[in-house]
Each structure stands twice: as structure tokens, then as C-alpha cells.
Amino acid sequence: MAHSHAHSHDEGDGTFFQDQLFTILLSAGIGVVAILMYRSNMLERILVQGFWKPVLAGGITIVVLAFIRAIALWQLAGKASPAPVEQAADHGHAHSHAHSHGKEDCGHDHAHQGPCEHDHSHGAKETSHAPHGDDEEEGHEDHDHGWSPWKYIVLAIPIVLFALNLPKNGFSESRLDKEIKGGALQQNPKRLALAAFAGSPVMTKALRKTEPTLRNLRFKELIGASAVLRLQEDYEGDIGTLRGQFYRLPGSDREFTLFRVNMTCCAADSVILETRIVAPEPVDFKPGAWVSVSGVISFQRDEAKKKWVPVLTLKSNDDVQPTEGTTDIDGV
Amino acid sequence: MEKDVFDFVLTFISIIWEAFPFVVLGAVVAGILEEVVPQQALAKLIPQNRLLAVCVGGVLGLVFPMCECGIVPVMRRLLRKGLPLGTCVAYMLAGPIINLVVISSTYVAFGPHGIGNEMVALRVGLGFLVAVTTALIVQGQYATHGNKLLTPLAAPQQTKGPTPEVIAKDEASQVHPSQNRAGESKPFFQRIANISETALHDFIDIMVFLTLGACMAALVKGQFTTETVESISKGFPAVTILGMMVAAIVMCLCSEADAFVAASFTTLHPSAKIAFLVLGPMFDFKLLLMFTRVFRRRVIVTVFLSVFIQVFVYSMAVHYLWSYIVPTPTAAVVVEGGQ
């Protein structure tokens, strides 16, 4: 029977089976971890919902493949007979041929018609094959079966981290400190003049429309509006309600940042979306606490970042209330 | 320190598990390709003209959509099945950009900024141009160096010039064994077992380097925030574009997600975002390590230099031509101007 080979021939039978055994164990281990992560909701911490089922499917697929490979390897081991190692550069396959190659890997094809006992040459060297049957040689093509323990150590990392219940939920305060830097805001002078002229009904410089619209806001919506001057005008002066996490700004007890971590696919692509909150009295919550805030919408300029920042100005401290946390990405 | 370690683990592990389903998919497709598709069968479908063949590779993602992680094992098997190297490289580079999922996500991310169509057109157009040009360069190298450019695992199976011994053994069939192997009849379990072996082998091979790449990305990303990129690049288009290119290499984002991240850099000029969106799916830390399972150093260096230089040059061109591309000032530019 015909087959093709392109693998390195520098390992013995024992090494081949050792390598295959570790391949099966590590693959199955990773597959099982994927399934357990799905079952334990650990995926919530690192991926958006759309990825959970693909991870589960991937885990099941890998476990099934590892199971099939384990059966095939078991059969192969049963058929393998001790073969004479005729040359120093012995190599390990269940069909146990022993020959040497001038190159690291020749990517060549062998032809075998049924059980064979033959010699053929590679790189001008005579080689000899031990007998092997028709059905045992399939599928070893182009594989480097060299025993490389470092590979398996690397692959064990995700399994070990899962066993340690890592990663934890969400980014640490340290990361938030790096990402959230509340610079001084400068109000649009035109809006400021209008607010003064209109005798703003709130005790702030924010201009409230005489008949404001009540808006249930989302962070993306508000950030999107801040980037477009026309939209800023639409939103400004309305009353907006927004739910997010509390982060105290250094140097002020009346201003804080409300933020949400916007994950598009995974935690690595997370972006922190921020809205500045201005309260009339000092506000104190635990960092990361979930709060709901209602206030007048305005947009102010952060000169340090050279961009517009959405601001909610509260009428009183009753406008900020603790609320339930959520991992619902659609609500960001 | 402890908190930084937790943040590192969060980023590191999320990159791995996000890519995991695609690596599995790629490995399974690779296993099926290896077992079922006869040698050279795919090559017969590709035009003989070199440029046309590379162009076909550039748009193959529309038919076989794969992300950058899954595409590496598939491309390796396609190479072994005799698909021209240029076609494979074009597919590998353009496939993660020119597919319907990524085109849609790019449009959705930039639609609210009023530049959805322009960003999609630029990303797809420049992605195709960079991929095809790079593929042609690599194809030229292949003409000189042959399979020395590839790892043994990726080198095409030999189909020409079998040794006299091989011919003698195959007189009965009159066909070289590597050509009839995938077509020959075998027990069902044997086929499944072969597919599982190839798939597991490729899975392990790619996962190892994906893990190392994710580790590198998470380490660097810990020192690197969106604010950092924005702050170092203010006012200098070349620095801005280079900054975003470095960010693309470091952040190792999936091509389905990167448009949303790019859109979040609200103060940057669209040219810098285009650089980020075109380079990222073609080259980053994790891909660099995964490429080592397919290509020798010469090809990796060529691909990197070609992609990097082209993306920079084209992005600079976009920067200076942006007002012609989008005559009406868009939100992104107006706000950047600080009005």
C-alpha cells in the first residue's frame, strides 16, 4: 500500500509512543478545560458570549479527536513488533523501519505494495525496512515525532491556570489606574455663555434644556456622540441615566469617573469607556462598585487628551445610586 | 506586582481561548485536506499565470473564510498539497481581512463615525495590494531557492521525478503513490484515525506557538495603553502611523475585533487606523511564532519587511490623500482638529 512520509527519523519507538501519548493527553486536557470553562462560566471573564459555544465545540472536537487517536495508537502498539534497529539513526514508527537520511527531513514518498520486506535508497545510502503490514503505516506523514518536553510544558500552562482558578474577574485597580487619567476639563466657551445666559436651572455650569428628553444611555452611544459635534448638540442639555462602575479621580471627591469595560471579543481587546460625573456633594463608593447615575448631559474638552469627554452633572447626590453589576456586553 | 500578574494572566489567557476554536477548526480542516484531497488536485484549479494565481489567493478568503490563527495550519497543508507558495502567502495575508465577517465588523465599527464605506474600501483594497505584492516577492524567492524556504512540514510532497526504485514499485498502478494516496479506498476508521493524527499534530504544533505569542503580547501589552499610543503620536503622521503599526504587532488582536479597537482611538487620523487594521491580521507576535512552523527565516523576514514597509507607505499616502478620499470633513477628523 502506498503512503507518503516526510518526518524526522531520529527517535526510537519508545520516543514515538511517548510523544504520541503526551500529544493525546495534552490535547484531551486542553479540550476538557475548554468544556469545564464553559460549564463553570469562567469564559465570562475572558470572552464575550458569542465565543462561548465555539470554545465548547472546539473542546469537544479535540477530546473526540484525542479519543480516536488513542484507540488508533492502542491498535498500533498492539501490532508493533520489536524491530531490529539496523543503523545508528534509528527512528520510531509503529511500522519500525530503520534508515538514515542525509538531511534533517527529506519529505519523500515511499511506495509499499502490501506487506513488504525491502531495501531502498535515500541520499545514496542503503536502508532497510523491517516488515510491516498494509494497514499500519497510514497517517505518519510529515510529522516531526521528536520528543520535545518543552512543548508540553508550554501547553500545560492553560491547564494549570485553570486549575488555579485564574484568571480572576476583570482588570485590577492597577490597570484602571493606568487607563483612567482624569484630566482637567474645559467647557465649550459657547455652551458656557449660553448656560449663563439661560440661567441654568441646575447648580452647575451645565446647560439643561427647558424641556429635556430623558435618555437611558449606553456608554458607546455617549462616547460616539462625543466624537461628533452635531450629535453633541442633540444630546447636550438632556437628562441621561447611565449604569457603570465607580472610579474615584485623584484630587477630587465630587468628581468621579463612571466606566465600563467594553470587550469586543476577548479581554485583550478590552477598551475602557469613561464618562465623567460631577456631583454637588462628595461621593464615596468602593472602586469598581456598580452605580446608576442620572444627570444633565454635556461634553467637555480634555486638553491633555485632546478629546471631548461626556459629562453627567448631577442635581443632587441622590442621583447616584448603587445598583446590580452586569456582564452584559450589549448594555455597554 | 500581584495585580499586574493577574492582569497579565487575564490578557494572556483570553488571547489563547479566543483563538482556540479557530485553531481547532484549522487543524481539522488541515487533517481532512491531508487525508481526502489528492495531491495536486487543488493546484489544478489555480490559474497557470503567476499573477492571476496570486490574485486568486488574495480573494480566497471570500470563499474559505479563516482568521489569522486558523489559516496557518490550513495554509501549510495547502502548500503540501501543491498549491503555489505565492497563492498560499496571498491567502494567508489577505484571508483574515478579505472575508465577509471582517468586512462587516469593519463597517459596523466605523459606520457610526460616518466613514464605514471608506474604511472598508481602504482596508480591503490595501490588504489585497499588500498581500499580492508580498506574495509575488516570495514567489520570486521560491523560484530561486525552492523548498529551502519552507520547513519540512510545509514542503510540497514530491510528485515529480520519483526515484527509479519508487517507479519500479509502482509499475502496477502507473501513478506515483503520493498522488493516489488520498483517493485510495481505506477503512472508515483508518481515515478518521489519520485525520485525527494530522489534526492533533497540527493543533499541538500551532497551540504551542500561539501560547508563546500570547505570552509575549500580554507581557508587552501590560506596559502599553491606548493612551500611550495616542500620546506619543500627536501631531506627527509618520510617528502616529508607526505607533499604530507597533500597536498592531503587540496587541495580537483577532481581525474580527480589531476594527472596534481601532475605532476607539478617536483622536487618531484614519490613516493610522488603516495601518493598524491592515498590518495586524498579517503580522503580530503570535503569528511570527506560528510562521516559524511553515517558513524558514528568509521568508519570514521578507514577509515582515514587505508588509511593514508597504503598510507604512500606503498609510502615509492615505494620510495626505484623505481629504480627496473623503471630501466632506468627517467626525473623526473634525474632532481631531479640536474644533
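Structure above, values below:
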quantity	calculated
Members of segment B:77-98 that are touching a Lys or Arg at 6+ places or on another chain (Cβ under 7 Å) and within 18 Å of residue B:298 (Cα to Cα)	B:86
Residue match in segment B:112-122 (condition: in contact with a Leu (Cβ under 6 Å, 6 or more places away or on another chain) and more than 15 Å from residue B:262 (Cβ to Cβ))	no
Restricting segment A:285-298 to residues that are within 33 Å of the chain's Cα centre (by Cα) and either on the phi > 0 side of the Ramachandran plot or not β-branched (Val, Ile, Thr) (or both), the residue that is surrounded by the most Cβ atoms within 10 Å (Cβ to Cβ)	A:290
Residue within segment B:41-53 that is without any contact (Cβ under 8 Å) to a residue 40 or more places away in the chain and of a type in the set (D, E, K, R) present	yes
Yes/no for residue B:167 being at pLDDT 85 or above and either farther than 17 Å from residue B:24 by Cβ or more than 7 Å from every other protein chain (Cβ to nearest Cβ) (or both)	no
Residue in segment A:284-292 that is of a type in the set (D, E, K, R) and touching a residue at least 12 places away in the same chain (Cβ under 8 Å) present	yes
Residues satisfying the stated conditions in segment A:46-78, i.e. farther than 15 Å from residue B:31 by Cβ, of a type outside the set (Val, Ile, Thr) and facing chain B (nearest Cβ under 7 Å)	A:47, A:51, A:54, A:57
Matching residues in segment B:1-45 - criterion: being under 17 Å from residue B:285 (Cβ atoms) and either of a type in the set (Ser, Thr, Tyr) or outside any helix (DSSP H, G or I) (or both)	B:11, B:14
Residue count, segment A:293-328 (criterion: away from chain B (no Cβ under 12 Å), in contact (Cβ under 8 Å) with a residue 12 or more places away in the chain and not in a strand (DSSP E or B))	10
In segment A:210-238, residue farthest from residue A:271 (Cα to Cα) [restricted to those that are touching a residue at least 40 places away in the same chain (Cβ under 8 Å) and over 36 Å from the mean Cα position of the chain (by Cα)]	A:212
Single residue of segment A:302-319 satisfying the filter (surrounded by 15 or more Cβ atoms within 10 Å (Cβ to Cβ) and over 18 Å from residue A:208 (Cα atoms)) that is modelled with the highest pLDDT	A:308
Search result, residues across segment A:265-280 that are within 14 Å of another protein chain (Cβ to nearest Cβ) and aliphatic (A, V, I, L, M)	A:267, A:268, A:271, A:272, A:273
Residue within segment A:79-91 that is part of a helix (DSSP H, G or I), more than 9 Å from chain B (Cβ to nearest Cβ) and either at pLDDT 95 or above or more than 28 Å from residue A:158 (Cβ to Cβ) (or both) present	yes
In segment A:41-64, the residues that are at pLDDT 95 or above and of a type in the set (S, T, N, Q)	A:61
Residues of segment A:152-176 classified as aromatic (Phe, Trp, Tyr) and either more than 8 Å from every other protein chain (Cβ to nearest Cβ) or in a helix (DSSP H, G or I) (or both), total	2
Test: residue in segment A:133-146 that is modelled with pLDDT of 75 or more and of a type outside the set (Asp, Glu)	no
Residue check for residue A:240: out of contact with any Phe, Trp or Tyr (no Cβ under 7 Å at 6 or more places or on another chain), crowded, with 17+ Cβ neighbours inside 10 Å, away from chain B (no Cβ under 11 Å) and not in a helix (DSSP H, G or I)	yes
Test: residue in segment A:234-241 that is modelled with pLDDT under 85 and not small (Gly, Ala, Ser)	no
Subset of segment B:236-283 (residues that are in contact (Cβ under 8 Å) with a residue 24 or more places away in the chain, more than 12 Å from chain A (Cβ to nearest Cβ) and not in a helix (DSSP H, G or I))	B:269, B:281, B:282, B:283
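Residues are listed down the side, and each one gets a yes or a no for (1) within 13 Å of chain A (Cβ to nearest Cβ); (2) under 16 Å from residue B:273 (Cα atoms); (3) part of a helix (DSSP H, G or I):
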| residue | (1), (2), (3) |
| --- | --- |
| B:87 | no, no, yes |
| B:98 | no, no, no |
| B:103 | no, yes, yes |
| B:107 | no, yes, yes |
| B:110 | yes, yes, yes |
| B:117 | no, yes, yes |
| B:122 | no, yes, yes |
| B:128 | no, no, yes |
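The values are calculated or read from the model by the stated rules, or taken from the named source; none is laboratory data. Remember, it's a predicted structure, so these values are computed and weren't measured experimentally. Quick reminder, even Gly has a Cβ in these numbers, built from the backbone with ideal geometry, and neighbours come from all protein chains shown.
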